[in-house]
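Undergrad: I have a structure here, written as structure tokens, and I will follow up with some questions on it.
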Amino acid sequence: MSLFRLDASIFPSRSASRELADLVESEWLSAHPQSTVVRRDVSADPVPATAWTDAVSASMVPEAERTPGQREAVALATTFADELTAADALLFAVPLYNYGVSQHFKTWFDLTYTDPRTGPEGSALRGKPATLVTVLGGNYAPGTPKEGWDHSTGWLQRVLGDVWGLDLRVVQRPFTLVGVNPALDAFADTAAELKTDAEHSARRSGREIADAHRARVA
Ligand SMILES: Cc1cc2nc3c(=O)[nH]c(=O)nc-3n(C[C@H](O)[C@H](O)[C@H](O)COP(=O)(O)O)c2cc1C
């Protein structure tokens, strides 16, 4: 049994997304102590920017005529799809950067999406229990000045929940920059509440994916 965990924080030593993902992971492990955790850190070990083009173009030439770069890219996509398909549950910890999705996650997703099992026609991940942890420095809730500026969470939900068909839960913690950026000091109480809520949600989601896996194999 295994949990696949992907981290995308560019500052792992003080990462709010990692902290929340640790809670999800620990609930999963309490329920399934025999499980292994397969880790992929797309920030520390980024997917080469050329891999996606190589993998896409590889599909247009006969196998024998592929360049070494194309072969490597296809092999990497195969590894990523193997990791996802072999796991019993999936955990993604992806922060908001520059109002959009982490470039490291996007590069990983694009390459993984070239494998037939995890691509447009693939259904290998359908129904797999999963949690997306996402953290935002600011707060983009309805009625806030920057409502609509978070172009990461929605996209992540679309590709994980709708495109791959994962049985997805979303844990979100906004305002992680409160306490770091003095301009946000007025929001200390709200941020503390949001942090506590996100921690509860992370624990709950860890238990839920553990139960969902049990139900799937029963
Ligand atoms: C380079 C950079 C760009 C960021 N861009 C945004 C942003 O556009 N909007 C936002 O709300 N927070 C932004 N943040 C804040 C991060 O979302 C926040 O620090 C988050 O907690 C990072 O995830 P981590 O704690 O897991 O490392 C940015 C942080 C960095 C380092």
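The values are calculated or read from the model by the stated rules, or taken from the named source; none is laboratory data. Given the structure is predicted, the values throughout are model-derived calculations rather than measurements. Cβ placement follows ideal geometry from the backbone for every residue including glycine, while neighbour counts extend to all protein chains displayed. Heavy atoms of the whole protein, side chains included, go into the accessibility calculation; ligands, DNA and RNA do not. Shrake-Rupley method; radii C 1.70, N 1.55, O 1.52, S 1.80 Å.
Undergrad: Round to a whole angstrom and tell me the spacing of the C-alpha centers of segment 128-161 and segment 5-41.
TA: A separation of 19 Å, based on Cα centres.
Undergrad: Return one number: the angle in degrees, 0 to 90 and rounded to the nearest 10, between the long axis of the Cα atoms of helix 16-31 and the longest principal axis of the Cα atoms of the chain.
TA: 70
Undergrad: Would you list, by chain and number, the aspartates and glutamates whose Cα falls below 14 Å from the Cα of Lys106, excluding same-chain residues fewer than 8 positions away?
TA: Straight-distance partners of Lys106: Asp7, Asp41, Asp45.
Undergrad: Distances longer than 15 Å among the Cα atoms of segment 131-174: what percent of all pairs is that?
TA: Result for the distance tail: 44 percent.
Undergrad: Once a ≥ b ≥ c are taken as the square roots of the eigenvalues of the Cα gyration tensor of segment 128-218, is the result rounded (a/c under 1.5), prolate (a/b larger than b/c) or oblate (a/b not larger than b/c)?
TA: Values: a/c = 3.71, a/b = 1.78, b/c = 2.08.
Here segment 128-218 falls in the oblate category.
Undergrad: Another question about this same structure. Rounded to the nearest 20 Debye, what is the dipole magnitude of segment 2-217 about its Cα centre when Lys and Arg each give +1 and Asp and Glu each give -1 at the C-beta?
TA: That gives a dipole near 220 debye.
Undergrad: Give, rounded to the nearest 20 debye, the magnitude of the charge dipole that segment 87-154 has about its Cα centre when Lys and Arg contribute +1 at Cβ and Asp and Glu contribute -1 at Cβ.
TA: That gives segment 87-154 a dipole magnitude of about 60 debye.
Undergrad: Using amide H atoms built 1.01 Å from N in the peptide plane, name the residues 5+ places from Asp167, or on other chains, whose amide H lies under 5 Å from its own.
TA: Here the answer is Gly127, Lys128, Ala130, since their amide H atoms fall under 5 Å of that of Asp167.
Undergrad: Which angle between 0 and 90 degrees, to the nearest 10, do you get for helix 188-217 versus the longest principal axis of the chain when only C-alpha atoms count?
TA: Roughly 40 degrees between the two axes.
Undergrad: Follow-up question, since we're still on this one. So who's got an amide H within less than 5 Å of the one on Gly100, skipping anything under 5 residues away but keeping other chains? H placed 1.01 Å off N, in plane.
TA: Correct list: His151.
Undergrad: Find how much the distance from Arg216 to Thr36 grows on full extension, using 0.36 nm per residue of separation minus their present alpha carbon separation; answer in nm with one decimal.
TA: Difference between extended and current length: 63.0 nm.
Undergrad: Any idea what angle helix 103-112 forms with the longest principal axis of the chain, computed on alpha-carbon atoms, 0 to 90 degrees, nearest 10?
TA: Compared with the principal axis, the helix lies near 40 degrees.
Undergrad: Using only the alpha carbons of the chain, determine the length spanned along each of the three principal axes and report them from longest to shortest in whole angstroms.
TA: For the chain, the Cα spread along each principal axis is 62, 42, 30 Å.
Undergrad: Sticking with this one: Going toward the positive end of the dipole of segment 2-217, with +1 on Lys and Arg Cβ and -1 on Asp and Glu Cβ, which of Ala44, Ala21, Gln103 do you reach last?
TA: Ala21
Undergrad: Could you put Glu147, Glu63 in order of accessible surface area, largest first, with the 1.4 Å probe and the full protein assembly present?
TA: Ranked list, largest accessible area first: Glu63, Glu147.
Undergrad: Quote the convex hull volume per residue of segment 1-112, based on C-alpha atoms, as a whole number of Å³.
TA: For segment 1-112, the hull spanned by Cα atoms encloses 106 Å³ per residue.
Undergrad: Same structure, new question: Reachable lysines from Lys195, Cα under 21 Å, same-chain residues fewer than 8 places away excluded?
TA: Here the lysines satisfying the reach criterion relative to Lys195 are Lys146.
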